[in-house]
Amino acid sequence: MALISRMRQNPNRSKWGGILVGIAIMAAVDEIVFHQLLAWHHFYDGSTLAIGLLSDGLLHAGELIAMVAGFFILLDLRKHGAMSKAHAWAGGFLGAGGFQLFDGIVNHKILRLHQVRYDVPILPYDIAWNLMALILLVVGIVLVRRAGRIHEGSVGSSPSA
């Protein structure tokens, strides 16, 4: 029975559902902790406070869309017995780490939309921010490989008589 269930699984779609949820969770953590509780920055700090708050609201809207879309994908897969939990978890870590690294490199350094924090030496914050992203990505990569071995092993094996 478990073999039949794994044969119906959709690992790629499970991973993408997890990626969307991971992106949303990391965006929510960033927004809640760094934008609201610590008030270190807004999504866009190059204008007035009102524009900064508007940009935070748009980030929040995007985060909610990603969360809902990811959960709908995973719920649909679960409903049809096609969800691979291992791939969904792997995708979650990949999404979280990918969001964090994109934010740290593209938003902070290339586009300069905001920094992690202002009026302090920024290098330790940048290192911590991007190191955390890399750790999440490595965990995601390890989980993807492990999930692939589990899925291939169960699909490639045949029931013995």
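The values are calculated or read from the model by the stated rules, or taken from the named source; none is laboratory data. Just so it is clear, the structure is predicted and the values come from calculations on it, not from any experiment. As a convention, Cβ positions derive from the backbone with ideal geometry for all residues, glycine included, and neighbour counts pool all protein chains shown.
Give me the pairs, please: first residue somewhere in region 7-36 and modelled with pLDDT under 95 and part of a helix (DSSP H, G or I), second residue anywhere and surrounded by fewer than 22 Cβ atoms within 10 Å (Cβ to Cβ) and among the polar types (S, T, N, Q), beta-carbon distance under 9 Å, and either six or more positions apart or on two chains.
Sorted first by the residue in region 7-36, then by its partner, the pairs are 7/154.
Return yes or no: is residue 94 crowded, with 20+ Cβ neighbours inside 10 Å, over 16 Å from the mean Cα position of the chain (by Cα), in contact (Cβ under 8 Å) with a residue 40 or more places away in the chain and assigned to a helix (DSSP H, G or I)? Walk me through it before giving the result.
Details: crowded, with 20+ Cβ neighbours inside 10 Å: yes; over 16 Å from the mean Cα position of the chain (by Cα): no; in contact (Cβ under 8 Å) with a residue 40 or more places away in the chain: yes; assigned to a helix (DSSP H, G or I): yes.
No: the conditions fail for residue 94.
Which of (1) in contact (Cβ under 8 Å) with a residue 12 or more places away in the chain; (2) part of a helix (DSSP H, G or I); (3) among the aliphatic types (A, V, I, L, M) is the odd one out, the single condition residue 82 does not satisfy?
Tallying (1) in contact (Cβ under 8 Å) with a residue 12 or more places away in the chain; (2) part of a helix (DSSP H, G or I); (3) among the aliphatic types (A, V, I, L, M), residue 82 fails exactly one: (2).
Just to check your reading of the model, which residue among 36, 9 is surrounded by fewer than 19 Cβ atoms within 10 Å (Cβ to Cβ) and of a type in the set (S, T, N, Q)?
Working: 9 fails: surrounded by fewer than 19 Cβ atoms within 10 Å (Cβ to Cβ).
36 is the lone residue from the list that is surrounded by fewer than 19 Cβ atoms within 10 Å (Cβ to Cβ) and of a type in the set (S, T, N, Q).
If residue 59 satisfies all but one of (1) more than 18 Å from residue 129 (Cβ to Cβ); (2) buried (at least 18 other Cβ atoms within 10 Å of the Cβ), what's the number of the condition it fails?
(1)
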